1. Exactly one of (1) more than 21 Å from the chain's Cα centre (by Cα); (2) farther than 18 Å from Ala215 by Cα; (3) touching a residue at least 12 places away in the same chain (Cβ under 8 Å) is unmet by Asp43. Its number?
2. Return yes when Arg235 is charged (D, E, K, R), outside any loop (DSSP other than H, G, I, E, B) and closer than 16 Å to Thr108 by Cβ and no when it is not.
3. Among the residues of region 62-109, write down those that are touching a residue at least 40 places away in the same chain (Cβ under 8 Å) and of a type in the set (D, E, K, R).
4. Which condition number in (1) surrounded by fewer than 18 Cβ atoms within 10 Å (Cβ to Cβ); (2) at pLDDT below 95; (3) small (Gly, Ala, Ser); (4) assigned to a helix (DSSP H, G or I) is the one that Ala263 fails?
5. Which members of region 4-41 meet the condition of being of a type in the set (Lys, Arg) and surrounded by 17 or more Cβ atoms within 10 Å (Cβ to Cβ)?
6. Please name all residue pairs, on different chains or six or more residues apart, with Cβ atoms under 9 Å, provided the first residue is in region 291-307 and is at positive phi and the second residue is outside any loop (DSSP other than H, G, I, E, B).
7. What number of residues in region 268-308 are of a type in the set (Asp, Glu) and crowded, with 18+ Cβ neighbours inside 10 Å?
8. Filter region 129-176 down to the residues that are of a type in the set (Asp, Glu) and out of contact with any strand residue (DSSP E or B) (no Cβ under 7 Å at 6 or more places or on another chain), then identify the one that is farthest from Asp67 (Cα to Cα).
Amino acid sequence: MNRILVTGATGCIGSNLIIALLEAGCQVRAFHRNSSDLRALQDVAVERITGDIRDIDSLRSAMRGCDTVFHTAALVSFWKRRKQEQLEVNVNGTRNVVNACLELGIETLVHTSSVAALGYRADGGLIDETTPFNWDPRITYKYSKHLAELEVLRGAEGGLRALLVNPTVVIGPRDVYIHGGQIVRDTKLRRIPIYIKGGMNVVSVHDVVNGHIAAARLGRSGERYILGGVNLSHREVFEHAARVLKVQPPRIKAPVPVVQSIAKICDLFGELTHMQPWITSDLISGIGKFNWYSIDKAKQELAYTTSSIDAAIQETYEWYLNNNML
C-alpha cells in the first residue's frame, strides 16, 4: 500500500484519512467533485483530482498508477426528495468504483460502508457483522448503503481484494458536511431541548481512520469490520457532549410517538416547500431502539483500538470554532 486514491476526500473520514496516509509516507490522490466544500483540505498538501464517482471515466483516470483505493464517498441524506440522487451516488457510484478497480487491476479496495447497512436486533443484543439487513427499503440511505455493499462483495467474488468497514456515528474535526458533528454543534448551541429512548454507538474519526488503514493491511477480502467506539444511550451521548462543551444537557424525555408525529409533519413541510427539514421520518427510523454494536471482530483481526469520545468532541468543537462554523 503506497500509491493511494481516496474518494470522498473532502468529507470527515476522507480528509482525516488522507492526513494519516500522508504522515505514513504514502503517495495520495484526493478525489472530489468540482462543487465540493474544500475547507477540510485547506491546510493539506495533497494531489487533488476532480471528478465524480458517477463518471467512470474520471475514476479510471484518477486510479491509474494506484495500488489501493479507499472509497469513502457517499451522499448522506435522510430526505426523500434526494432519493434518486442518493441511489445514483451510493449504489451506481460504488458500482463504478468496483468496476474501475477490476479493470485497472487495483490491489486493494477498502469501502467505507456504514452500520446503516447492517440490520437491527429486536432482542436488544449487540449488532455485529453477521446481523442481516432488515430495515424498510424505503429508508433510502440505509437501503442504498446495503446495495452498495452488494456491489463491493460482487467485486470480491470477481477477484478484487475488497473489504468493507462499517463506522458508527463518527465524531471528529473537518466534518464540514456536519454529520456526526451535528451532535457537537447542536449541543453547544443548545438546540436539543429533549432526548428520546434508545441509544447509539459513537466513535472518534481518528479511530475510524486507523481502522481503515488496518483493514487495508490486515483485513480479509469480502469481510465486514464494524469500526465503533462506545455504546451509549441517547441521554448519555448528550450528557457527554454537554459536559465537554460546558452547557446543560437536555432533561426532558420525549415520548417516541410524539417525535414520530413531528417528523411526519416535517416530511410534509419539506414536500410542500422543497426545503430540507431539520428532522425527517427517515432520520429517526431507529427511534426507540438501542442500536449498539460489537467491535470484537475488528479488535481481533485488525488490532483495532478506541480512544476517548470526549476528546473527539472537544477537538471537533475547536475545529468548528476555528473555522467559523460555530
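The values are calculated or read from the model by the stated rules, or taken from the named source; none is laboratory data. As the structure is a prediction and not an experimental result, all values here were calculated from the model. Note that each Cβ is placed from the backbone with ideal geometry, even for glycine, and that neighbours are counted across all protein chains shown.
1. The one condition Asp43 does not meet is (3).
2. Details: charged (D, E, K, R): yes; outside any loop (DSSP other than H, G, I, E, B): yes; closer than 16 Å to Thr108 by Cβ: no.
Answer is no for this residue.
3. Those that are touching a residue at least 40 places away in the same chain (Cβ under 8 Å) and of a type in the set (D, E, K, R): Arg64, Asp67, Lys80, Arg81, Arg82, Lys83, Arg95, Glu103, Glu107.
4. Of (1) surrounded by fewer than 18 Cβ atoms within 10 Å (Cβ to Cβ); (2) at pLDDT below 95; (3) small (Gly, Ala, Ser); (4) assigned to a helix (DSSP H, G or I), only one is false for Ala263: (1).
5. First, pick out the residues of region 4-41 that are of a type in the set (Lys, Arg): 29, 33, 39.
Passing the criteria: Arg29, Arg33.
6. Ala303/Ala214; Ala303/Leu218
7. At the first step, the residues of region 268-308 found to be of a type in the set (Asp, Glu) are 271, 282, 296, 301.
Filter again for crowded, with 18+ Cβ neighbours inside 10 Å, leaving 282.
Within region 268-308, residues that are of a type in the set (Asp, Glu) and crowded, with 18+ Cβ neighbours inside 10 Å number 1.
8. Pass one, region 129-176, residues of a type in the set (Asp, Glu): 129, 136, 149, 151, 157, 175.
Filter once more, keeping what is out of contact with any strand residue (DSSP E or B) (no Cβ under 7 Å at 6 or more places or on another chain): 136, 151, 157, 175.
Numbers: Asp136: 37, Glu151: 20, Glu157: 19, Asp175: 27 Å.
Among those residues, the one meeting the criterion is Asp136.
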